[in-house]
C-alpha cells in the first residue's frame with residue numbers, strides 16, 4: 001500500500017490526515033476551515049495537498065446512519081468526491097466514519113483540552129481515526 005490522504009468532510013471544517021509512505025500509520029495534517037459557499041476552492045486546496053504528499057488514494061470518511069443506511073450527509077461527501085475526481089488522478093475510496101468524531105472528542109476530553117482548542121483539532125483527529133481504521137483493516141473501503 002502507498003500513501004493515502006484522508007478527508008473528514010464537514011459543513012464548516014475539513015479534517016485532513018495522511019498515512020506514512022508504507023501505509024501503516026496515520027498522521028494528522030490540519031483542520032481546514034472551508035470557504036463560504038465555494039466547494040471548488042475547498043477542492044483546489046485539497047488538490048494542492050495531494051500534489052504535495054503524492055498519495056495514491058483519497059479516502060473520504062463516509063457518514064452513515066447507525067442502521068448502516070446512507071443519508072443526506074453522505075450525499076454531500078459523494079458530491080465533493082466528484083469534484084475531486086476532476087482534480088485528482090488517483091483512486092477515490094470511502095470508509096465508514098460512524099462515531100469517528102465521538103472517538104476524537106473523547107480522546108481530547110480525556111486529555112483535558114478545553115473546548116476552544118478541541119474545536120480546532122477534533123476534525124483532524126477524526127480524519128486520523130478514519131484513516132487508521134482503514135489502514136488497520138487492510139485498505140478495504142466502503143465502495144458505493
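Read-outs throughout are calculated quantities, based only on the coordinates presented, and are distinct from any laboratory measurement. Keep in mind that this is a model prediction, so the values were computed, not measured. Backbone-built Cβ (ideal geometry, glycine too); neighbour counts: all protein chains shown.
For region 57-87 versus region 32-47, the spacing of their alpha-carbon centroids is 16 Å.
Between residue 75 and residue 45, how many nm apart are label points set 7 Å from Cα along the C-beta direction? Going from the residue 75 label point to the residue 45 one covers 2.5 nm. Here residue 35 and residue 56 are evaluated by their C-beta separation; at R0 = 41 Å the FRET efficiency comes out at 0.95. Between residue 11 and residue 86, the simple label model (points 7 Å from Cα in the Cβ direction) yields a spacing of 2.4 nm.
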